[in-house]
Amino acid sequence: MTLKIREIYSPNFDSKPRKSNQIRFLIFHYTGMKSEKSAIQRLSKIQSEVGTNYFIKRNGEIILMVPDLYIAWHAGISQWGKYKFLNKNSIGIEISNPGHQFGYVNFSKKQIKSLIKLTKILTKKYKIKKDHILGHSDVAPDRKMDPGEKFPWNILYRNKIGIWHNFSNKKLNSLRYKTVSVKEISLFMKSLRKLGYPAKSNIFKNKLKFKKLLIKAFQRRFRPEMISGKIDQECLLIINKLTSIKV
């Protein structure tokens, strides 16, 4: 599979290259800016101190901004499992979208088509595991919401990318709002850590606040229809399925 990729280089990366076997994750972002042009300009300016490896425009065009073997500054303070500060172990992909702050919209079909093609190439090249394909909010739940609840993880899953629970809507809806016990809440939080979500915040000392943000990050990814920050039987069913998946 070959892709037509344009180059607009960003200066926001570490000058020392990494080895290919250090690349273990793909992290998807939305740009969260009013316009596509301003997003590209920001990622191209050294003053912003924010970069990405790839940028996908609304029309599906892919732009290479930092070559794979260089560490782009895209994830910031982040964690997944034992890995911290994930820039050094990941490739960042920015997808043009104004985000929650500027009128969050659906990602275009052309964007998702390009993303699927690019992701398949990168996962094969660097042997990236399915459960290491993540959103920014997965690795930084205390400060990020992207790529957000409109990001079609289920479509990517149908194209053999990432993980998903694959339950029917009827099954899920039958368990939504149903209460869980204190023991089940504890098991849910342990399962979040088993998946890879961080156990504590780098920003908030208030554990309850972080707990709610953590649950919202999970829901935004795996139950986007309702992001309440509260655990119910639907959430419990989903996470039990996800933690049983062998990748």
Exercise. Does LEU236 meet the test of being without any contact (Cβ under 8 Å) to a residue 12 or more places away in the chain and either assigned to a helix (DSSP H, G or I) or within 19 Å of the chain's Cα centre (by Cα) (or both)?
Worked result: no
For this session: Keeping to region 71-87, report how many residues are surrounded by fewer than 17 Cβ atoms within 10 Å (Cβ to Cβ) and either over 15 Å from ALA140 (Cβ atoms) or acidic (Asp, Glu) (or both).
Result: 1
Exercise. So which residues in region 145-172 are in a loop (DSSP other than H, G, I, E, B) and among the charged types (D, E, K, R)?
Worked result: ASP146, GLU149, LYS150, LYS160
Exercise. When you look at LYS120, is it charged (D, E, K, R) and under 13 Å from HIS29 (Cα atoms), yes or no?
Worked result: no
Problem set entry | Criterion (on the phi < 0 side of the Ramachandran plot, assigned to a loop (DSSP other than H, G, I, E, B) and surrounded by 17 or more Cβ atoms within 10 Å (Cβ to Cβ)) met by exactly one of SER10, SER15 | SER10
Seminar exercise, completed: Counting only residues in region 176-211 that are modelled with pLDDT under 95, of a type in the set (Lys, Arg) and not in a helix (DSSP H, G or I), the one farthest from ILE161 (Cα to Cα) is identified as LYS205
Seminar exercise, completed: LEU214: passes all of (1) outside any helix (DSSP H, G or I); (2) crowded, with 19+ Cβ neighbours inside 10 Å; (3) within 19 Å of the chain's Cα centre (by Cα) but (1)
Exercise. Can you name the condition, by its number, that ILE161 falls short on among (1) surrounded by 16 or more Cβ atoms within 10 Å (Cβ to Cβ); (2) touching a residue at least 60 places away in the same chain (Cβ under 8 Å)?
Worked result: (2)
Seminar exercise, completed: Pairs returned, first residue in region 80-91 that is part of a strand (DSSP E or B), second residue that is among the hydroxyl-bearing types (Ser, Thr, Tyr), beta-carbon separation under 8 angstrom, 6 or more apart or interchain, are TRP80/TYR197; LYS84/SER78; ILE91/TYR54; ILE91/TYR126
Problem set entry | Candidates ILE116, ILE63, ILE40 - the one that is out of contact with any Ser or Thr (no Cβ under 8 Å at 6 or more places or on another chain), part of a strand (DSSP E or B), among the hydrophobic types (A, V, I, L, M, F, W, C) and surrounded by 15 or more Cβ atoms within 10 Å (Cβ to Cβ) | ILE63
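The values are calculated or read from the model by the stated rules, or taken from the named source; none is laboratory data. All of these numbers come straight from a predicted model, not from anything done at the bench. Backbone-built Cβ (ideal geometry, glycine too); neighbour counts: all protein chains shown.
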